[in-house]
Amino acid sequence: MAHHTARASYKKLQERLNRFPQGAPPSETLYKILAVLFTEKEAQLVAQLPIKPFSAKKAARIWKMSEKEAQQILEQLTSRAILLDADYKGTTKYILPPPMAGFFEFALMRTRGDIDQKLLSQLFYQYLNEEEDFIKDLFFGSETRLGRVFVQERVLTNENAIHVLDYERASHVIKTAKHIGISMCYCRHKKEHLGTACNAPMDICMTFNNTAHSLIRHQFARRVDASEGLELLHMAYENNLVQCGENVRHDVSFICNCCGCCCEALVVAKKFGMLQPVHTTNFLPHINNKSCTGCGKCAQVCPINAINIEEISVAGKRTKKARVDENICLGCGVCVRNCSLGCISLKSRSRRVITPANSVHRVVLMAIERGKLQELIFDNQAFQSHRAMAAILSAILKLPPIKQLMASKQMKSVYLDKLIGRLSNK
C-alpha cells in the first residue's frame with residue numbers, strides 16, 4: 001500500500017510539472033528522479049503549489065497548516081534549490097522552477113552529499129538521452145525555443161557590430177545584471193559521474209538576477225562581479241564554448257557555456273540540427289574559397305559538426321575546401337576565431353531571429369503554442385476578465401491547426417506586448 005501511495009504522490013507532482021509550458025513526460029525513470037529529489041511528503045505538498053510566485057502565507061493556506069510550519073518546509077526546499085525565493089516589494093515569495101532550465105540542473109550545480117549524484121546522473125542520462133521524450137518536448141514542443149545562442153563578440157567586424165543589438169551580446173547581459181552567480185556546469189558534472197566528461201572548464205555556468213540571487217544565497221552559486229564574469233566569458237571563448245542563454249531580450253536568467261560533447265542543447269543540435277533546438281544568432285559563417293586551404297581546423301572546432309571538408313574542382317584541379325551546412329549552423333562564430341588564415345567571416349542571415357521580450361513573454365508564447373495558456377490564465381489571473389479570456393483562448397485552441405496558428409500569431413502581435421507589464425507585476 002505504501003508503494004502505491006508513494007507512486008501516487010510522484011504522479012501528482014509530475015502532473016503539476018506539466019502545467020508548465022515545458023513539461024515532464026511520465027516515465028518510470030522520471031518517478032525515480034523525483035524520488036531522489038523529493039520525499040513522498042514533499043512531492044504531495046509541491047504538487048499543490050501554484051505556477052505564479054507565492055508567499056508562505058499562501059502556501060500555508062493551500063497546505064492547511066500554520067504559516068510557521070509552511071515557512072520551515074519552504075526554506076528546506078529552497079535550501080536544496082527545489083524552489084527559488086526572491087523579494088517582491090518587501091515580501092519573500094517562492095516559485096517552483098520548471099525541470100529545465102530549473103531544478104534538474106540545480107541538483108548538479110555543486111557537489112553535494114545529501115543526494116546520490118552519481119545515481120541521479122545515470123537517471124538523467126536515461127531520461128534525457130535514451131528515452132528522448134522529455135528532450136524532444138523541451139526543445140521541439142513549441143515554435144518559441146527555451147534558449148538562444150549568443151555570437152562570439154570578438155570575431156565581429158565593425159560592419160557586423162552595427163547589426164548586433166545589446167541583448168544579443170553576452171557581455172551586455174553580464175554588465176547589466178543585478179546579480180551574477182557562477183556554478184558547476186550541470187552537463188559536464190553529469191558526464192563526469194558517467195565517466196565521459198571532456199576537459200572544458202567546469203565552474204563556468206552563469207546565472208543572473210533573481211535566479212542567481214537565490215542560488216547564491218543557498219550556496220548553489222558563488223557571487224562574482226561583472227569584471228570576473230567577463231573574464232569567465234573570455235575563458236569560455238578560449239575553450240571554444242558556445243554561449244546558450246535564455247531566449248529573452250531583458251533580464252536573462254542564465255547563460256550556459258556549452259561544449260558539443262556534454263551539453264544537452266548542443267548534443268540535441270548535432271542529432272536533430274535541421275529542427276534547430278535553440279534559436280540561432282543572426283549570422284552565418286561565409287567561407288572564402290579563394291584563400292581556404294581545407295586544413296579542417298574549422299570543422300574540428302565546430303561544436304555541432306556543421307562544417308565539412310569537401311574535395312571540389314577549382315580551375316581544373318581537385319582541392320579541399322570547407323563547406324558550412326547553413327541549415328543547422330548556430331552562427332556562434334567559433335569557427336571564425338579558429339581560422340588562422342582569416343578565410344571565414346560572418347554574414348547576416350536573410351531573416352532576423354525574433355526574441356521574446358522577457359521570461360513572461362516567452363512563457364506565454366510557449367503556452368499558446370503548446371495549448372497550455374489556460375493554465376497560466378487561471379493560475380495567475382493575469383487578465384482583468386480572465387475567465388472570459390480563458391473561454392476565448394480555449395475556443396481558439398480547438399480550431400484546426402492552420403487557423404489556430406493564424407490566431408496564435410495575431411495574439412502574439414496584438415495582445416502580448418501590451419500585457420507583458422501587467423503579467424510581470426503580478
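Residues of region 150-176 being outside any loop (DSSP other than H, G, I, E, B), farther than 13 Å from His250 by Cα and in contact with a strand residue (DSSP E or B) (Cβ under 8 Å, 6 or more places away or on another chain), which ones?
Phe150, Val155, Asn160 - these are the residues of region 150-176 that are outside any loop (DSSP other than H, G, I, E, B), farther than 13 Å from His250 by Cα and in contact with a strand residue (DSSP E or B) (Cβ under 8 Å, 6 or more places away or on another chain).
I'd like to verify a number: residues in region 204-225 that are free of Cβ contacts under 8 Å to residues at least 60 places away in the same chain and either under 18 Å from the mean Cα position of the chain (by Cα) or part of a helix (DSSP H, G or I) (or both), how many?
Initially, region 204-225 is screened for residues free of Cβ contacts under 8 Å to residues at least 60 places away in the same chain, giving 204, 206-209, 212, 216, 222-225.
Within this subset, residues satisfying the condition of being either under 18 Å from the mean Cα position of the chain (by Cα) or part of a helix (DSSP H, G or I) (or both) are 204, 206-209, 212, 216.
Going through region 204-225 one residue at a time, the tally reaches 7.
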Quick one: count up the residues across region 65-102 that are in a loop (DSSP other than H, G, I, E, B), under 19 Å from Lys52 (Cβ atoms) and either more than 20 Å from the chain's Cα centre (by Cα) or not assigned by TED's automatic domain parsing to the domain that holds Leu123 (or both). 2
Name every residue in region 13-32 that is under 16 Å from Leu96 (Cα atoms) and in a helix (DSSP H, G or I), in order of residue number. Leu13, Gln14, Glu15, Arg16, Leu17
Does any residue of region 238-246 turn out to be farther than 26 Å from Gly195 by Cβ, in a loop (DSSP other than H, G, I, E, B) and of a type outside the set (Gly, Ala, Ser)? no
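Name the one entry in Val252, Val242, Val248 that is aliphatic (A, V, I, L, M) and modelled with pLDDT under 95.
Values: Val252 fails: modelled with pLDDT under 95; Val242 fails: modelled with pLDDT under 95.
Only one candidate passes the filter, namely Val248.
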Those residues of region 124-149 which are of a type in the set (A, V, I, L, M, F, W, C) and in contact with a strand residue (DSSP E or B) (Cβ under 7 Å, 6 or more places away or on another chain), in sequence order: Val149
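Do you know which residues across region 39-72 are basic (Lys, Arg) and in contact with a Lys or Arg (Cβ under 7 Å, 6 or more places away or on another chain)?
Going through region 39-72, the residues basic (Lys, Arg) turn out to be 41, 52, 57-58, 61, 64, 68.
Answer for region 39-72, where residues must be basic (Lys, Arg) and in contact with a Lys or Arg (Cβ under 7 Å, 6 or more places away or on another chain): just Lys52.
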Look through Glu130, Glu105 and report the one residue that is in contact with a Phe, Trp or Tyr (Cβ under 6 Å, 6 or more places away or on another chain), charged (D, E, K, R) and in a helix (DSSP H, G or I). Glu105
In region 233-246, the residues that are surrounded by fewer than 22 Cβ atoms within 10 Å (Cβ to Cβ) and touching a residue at least 24 places away in the same chain (Cβ under 8 Å): Met235, Tyr237, Asn239, Asn240
For region 22-41, indicate whether the set of residues that are buried (at least 21 other Cβ atoms within 10 Å of the Cβ), more than 24 Å from the chain's Cα centre (by Cα) and farther than 24 Å from Glu131 by Cβ is non-empty. no
I'd like to check which helices (runs of 4 or more DSSP H) are fully inside region 328-426 and have at least 2 residues that are within 20 Å of the chain's Cα centre (by Cα), outside the structural domain of Leu96 (by TED's automatic domain parsing) and at pLDDT 80 or above. 359-370
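The values are calculated or read from the model by the stated rules, or taken from the named source; none is laboratory data. These numbers come from a predicted model, not from an experiment. No Cβ is skipped: glycine too gets one built from the backbone with ideal geometry, and neighbour counts run over all protein chains shown.
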